[in-house]
Amino acid sequence: GGAGYIFLAWQAAEKEAGRLAGIDWSAADPEKSESHIASPVLYISGMQDPIATPEVIKKLAKHTPRSTLALLPGLSHVSVAVDIPGLCATMVPWLDSKVLHGVQRAPCHVTSSAKEGKVEMKYFSGQ
């Protein structure tokens, strides 16, 4: 039912993304392509992630020249994405040091609204 449809929709989206980007996914070799990434990259993964396992993420980071690896304890594939405070605490210092080069020092504020069921992450510049 639903899982099969999601898988087929994912396959179709992946195929279309490859077509648009001019990439043949079947011939893609992440270990070779990562070495060509010039920008800083932050890899974030959960230590309990069965999909993008810590071993896989470590291998990707190893082959990416300007990478930083953050393995978050106790989190799985989905829980990493919804752990806004954890992501904020991981991403903001990395952005400050690797992207902004310490130009802006600003706190990360996390606000949530149970009534609306949404969480916002805001990065304040302090200006």
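Where a number appears in this text, it was derived from the coordinates with a stated rule and is not lab data. The structure displayed is predicted, hence computed values, not measured ones. All Cβ positions, even for glycine, are placed from backbone atoms using ideal geometry, and neighbour counts span all protein chains on display.
Values for this structure:
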| read-out | value |
| --- | --- |
| Highest-first arrangement of 21-28, 34-41, 46-53, where packing means the average Cβ count within 10 Å | 46-53, 34-41, 21-28 |
| For Ile37, residues with placed amide H under 5 Å, excluding near neighbours | none |
| In sequence order, calculated HN-Hα J values of the range 34-51 (Karplus, 6.51, -1.76, 1.60; Hz; x Gly/Pro) | 4, 5, 9, 6, 8, 7, x, 10, 10, 8, 10, 8, x, 5, 9, 7, x, 8 |
| Vicinal HN-Hα couplings computed from phi for the range 64-81 (Karplus, 6.51 cos²θ - 1.76 cosθ + 1.60; Hz; Gly/Pro x) | 9, x, 10, 9, 10, 10, 10, 9, 8, x, x, 10, 9, 4, 6, 5, 4, 5 |
| Interchain or long-range residues, amide H under 5 Å from Gly46's placed H | Leu72 |
